[in-house]
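Only one structure is covered here, and it is reproduced in the block below.
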């Protein structure tokens, strides 16, 4: 029986023009950190490149995730390359060659609670043969902001299921 090779996939979220992670991005990172501490032999696969809605710096968003997590005690060797995506569909699609290259047999996908249903749909569609676990981070936003995000996610997931 072969060993399980696990990657924690940390889905991207906004950072500012200086690369400072948003509260949503930090919540996702903190959830990934908790999981990493339970499974210190696993690897970290950050996602996030560039996009007007989340990162306009010269470095990919995944760089700032890696930077934040290393300041929290995760060694640089725990990271694999970043999937330089610009949206959730690309998160799943661009993780595929990285997962194959490293031979991961299990993925632990970390994203926000409001984003989990769509992320699950996309990753299960992209990785039907890979064992997966989905861990939501709790989002701390004002109620109106959170409600808008939830409605956006419901609409985006409905469109994906139709198409």
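We did not get these values from a lab; they are worked out from the coordinates using the rules stated. No experiment lies behind these values; they were computed from the predicted model shown. With ideal geometry, Cβ positions are generated from the backbone for all residues, glycine too; neighbour counts draw on all protein chains shown.
A few remarks follow.
- Burial ranking of peptide ranges 94-102, 106-114 (average Cβ count within 10 Å, highest at the top): 106-114, 94-102
- Cα shape, the range 8-163, gyration tensor, a/c 1.5 rule: rounded
- For peptides 25-33, 152-160, sequence by mean Cβ density within 10 Å, most packed first: 25-33, 152-160
- DSSP-defined beta bridges in the chain - what % are antiparallel, rounded to 5: 10 percent
- Residues within the reach of a label modelled at residue 37 (point 7 angstrom out along Cα to beta-carbon, backbone nitrogen below 16 Å), restricted to the range 59-80, are 69-75.
- Cα-projected label distance for residue 141 with residue 125, points at 7 Å along beta-carbon direction, nm: 2.2 nm
- If you take the Cα centroid of the range 22-59 and the Cα centroid of the range 116-146, the two points sit 13 Å apart.
- Packing rank of 43-52, 127-136, where each peptide gets the mean count of other beta carbons within 10 Å, highest leading: 43-52, 127-136
- Considering only 17, 126, 84, the Gaussian network model of the chain with Cα springs below 10 Å gives its largest mean-square fluctuation to 17.
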